[in-house]
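> My questions all concern the structure below.
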Amino acid sequence: MRPRSLVAAGLAAVLLAGCAQSVDPIERLGKKAAQRVGSYGPAKADGRPYRHWGLTSPLPAPPRVPTRAAAGRDGLPPVVRRVETSDKVVFLTYDDGAERDPRFVDLVRELRLPVSMFLTDSVVGPGYGHFARLQAVGARIQNHTLDHPALRGLPYAGQRAEICGQQEKVRSRFGIRPRLFRPPYGTYDRTTLRAAADCGLSAVVLWSVAAQGERRELRAGDIVSVTSGETTGPTLTERTTRLLREIERRGLTVGRLEDYL
């Protein structure tokens, strides 16, 4: 190769490297995680990952064709505290995004656990890469506002900015637009429902059980809010596995909330 050609090739390599560095490192991490999801797949039959996590057997598969909740009146999204169903399922949901336990990703992957993550942008901060990994192994990402304000009583413009703003954040980070919305602290008013509808959300999701991982009186259709962000005590993975043992003990399984709403 001639010297001039060598110089041109070297310059091109430098320019390409510069372009690569301009990509958001969090976005690169999420894309890599998504590319690896095919290598996860179902756990091997002889691996018995459920025993590793303290279960005695695999959780039963939820029904394939669940009955979806009815739409709300007046074109507003329904407010759902628990799912009315005869299926023996409960639903695991996690708020904010403050706790980023790497073992939780392993738990979701190995048990193929259907979980819903309601994320707040100001809480997730630089942690979007962790949730990209969770999305890659099957978790669903949903909306919990930009800054976690109590929405009830706020003017329409402010509520819409919080809800639609997070819709755009999730779209830019994960390539999806959430369908479900959880208002911070569980507080809302009719204005919240209008803003959620105008932002393209199909249901406002509250909860029927707030669990810290101890035994709870669970019933079919319960939406469980698993607390996160705690700095002391059991990790998010430990709290979830304790809850899974209670779900198993009661003859229930974990359903995917998005299949029912």
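> Accessible area per residue for region 79-194 in Å², computed with a 1.4 Å probe and the full protein assembly in place, what is it?
39 Å²
> Okay, moving on. Label-point separation (nm) for R250 and R51, each offset 7 Å from Cα along Cα-to-Cβ?
My value for the distance between the label points is 2.7 nm.
> Hey, another quick one. Under a plain spin-label model, where a point goes 7 Å from the Cα along Cα-to-Cβ, how far apart in nm are D198 and S172?
The two pseudo-label positions are separated by 2.1 nm.
> Another question, then. Taking only C-alpha pairs under 8 Å that are 6+ residues apart, what is the relative contact order of region 113-261 in percent?
21 percent
> Along each of the three principal axes of the Cα atoms of region 128-261, give the extent in whole Å, ordering the values from largest to smallest.
46, 32, 31
> Then there's this: Carbon and sulfur atoms: what percent of the 1.4 Å accessible area of region 128-258 do they account for?
Here carbon and sulfur together make up 47 percent of the probe-accessible area.
> Remind me, relative contact order of region 60-165 in percent, using alpha carbon pairs under 8 angstrom and six or more residues apart?
22 percent
> Going by average Cβ density within 10 Å per residue, which order do the peptides 177-186, 75-84 take, highest to lowest?
The densest-packed peptide leads the list: 177-186, 75-84.
The values are calculated or read from the model by the stated rules, or taken from the named source; none is laboratory data. Fair warning: this is a prediction, and the values are worked out from it, not measured in the lab. Every residue, glycine as well, gets a Cβ built from its backbone with ideal geometry; the counts of neighbours run over all protein chains shown. Surface areas here come from the heavy atoms of the whole protein model, side chains and all, with no ligands, DNA or RNA. Shrake-Rupley method; radii C 1.70, N 1.55, O 1.52, S 1.80 Å.
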